[in-house]
1. May I ask you to verify whether B:Ser50 is under 19 Å from B:His7 (Cβ atoms), at pLDDT below 90 and not in a helix (DSSP H, G or I)?
2. Any idea which of (1) more than 11 Å from chain B (Cβ to nearest Cβ); (2) of a type in the set (A, V, I, L, M, F, W, C); (3) closer than 18 Å to A:Ser70 by Cα is the one A:Cys12 doesn't satisfy?
3. Among the listed residues A:Ser41, A:Ser28, identify the single one that is among the hydroxyl-bearing types (Ser, Thr, Tyr) and more than 14 Å from chain B (Cβ to nearest Cβ).
4. Can you say whether A:Thr5 is facing chain B (nearest Cβ under 9 Å) and in contact (Cβ under 8 Å) with a residue 60 or more places away in the chain, as far as the supplied structure shows?
5. Filter the range B:59-88 for residues that are crowded, with 17+ Cβ neighbours inside 10 Å and among the hydroxyl-bearing types (Ser, Thr, Tyr); which is nearest to B:Gly16 (Cα to Cα)?
6. Checking B:Met45 against (1) of a type in the set (A, V, I, L, M); (2) closer than 30 Å to A:Thr8 by Cβ; (3) surrounded by 19 or more Cβ atoms within 10 Å (Cβ to Cβ), only one condition comes out false. Which one?
Amino acid sequence: DAKTTQPTSMDCAEGRAANLPCNHSTISGNEYVYWYRQIHSQGPQYIIHGLKNNETNEMASLIITEDRKSSTLILPHATLRDTAVYYCIVSTPSAGNMLTFGGGTRLMVKP
Amino acid sequence: GAVVSQHPSRVICKSGTSVKIECRSLDFQATTMFWYRQFPKQSLMLMATSNEGSKATYEQGVEKDKFLINHASLTLSTLTVTSAHPEDSSFYICSARDRIRAGLNYGYTFGSGTRLTVV
């Protein structure tokens with residue numbers, strides 16, 4: 001699986017958009033970009049994933065650059081409950097493939 | 001949506017005893033489940049891949065005789081920490097993927113984790 005690079009930590013004001021970047025410059029053509037988050041002492045929670053098109057769901061939006069070497073997760077209106085570690089992972093969508101976690105970004109949403 | 005139930009959520013055991021952690025996919029079948037370990041302020045580290053009806057595949061450095069994995073059915077995998085020691089204290093997390101919906105690129109579902117403390 002391709003390696004990803006994320007900032008160690010970020011702050012965001014409550015109610016504002018949180019934009020979390022991820023670099024994955026060695027991503028291969030059949031690898032998807034997955035985003036998960038982990039709230040303290042809980043299992044990771046799936047947020048969103050995509051291949052090359054931008055994606056949006058009820059939780060977030062995923063913007064993938066045209067060359068697919070980087071992406072941005074957008075939480076449009078961050079709340080205090082969005083405080084968590086956010087992981088960007090690239091992987092092929094085979095049922096037998098595990099997810100390899102990097103360091104992630106610790107997002108702190110402040111009042 | 002896909003739900004993975006992990007039990008127990010917390011366990012405290014004495015050094016030298018064994019502890020079993022269960023991971024169940026509640027509304028889907030999972031031919032493959034994954035076991036992770038997470039130490040404080042660190043990321044998740046894959047320990048092993050559990051395959052239904054066959055032996056688990058362990059990551060380098062993980063002792064298979066210490067961390068016994070049994071994937072007896074399409075909805076249940078267990079991790080047994082044998083002869084536990086204080087250094088085994090950690091947060092253990094399982095993950096599974098719906099084998100039918102996998103082709104639609106659905107994400108992996110994680111259990112809520114088990115906090116193991118060995119005293």
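1. Answer is yes for this residue.
2. A:Cys12 satisfies all of (1) more than 11 Å from chain B (Cβ to nearest Cβ); (2) of a type in the set (A, V, I, L, M, F, W, C); (3) closer than 18 Å to A:Ser70 by Cα except (3).
3. Only one candidate qualifies: A:Ser28.
4. No, not satisfied.
5. B:Thr78
6. In the conditions (1) of a type in the set (A, V, I, L, M); (2) closer than 30 Å to A:Thr8 by Cβ; (3) surrounded by 19 or more Cβ atoms within 10 Å (Cβ to Cβ), B:Met45 misses (3) alone.
The values are calculated or read from the model by the stated rules, or taken from the named source; none is laboratory data. These figures come from a predicted structure and were not determined experimentally. Note: ideal-geometry Cβ built from the backbone for every residue, glycine included; neighbour counts use all protein chains shown.
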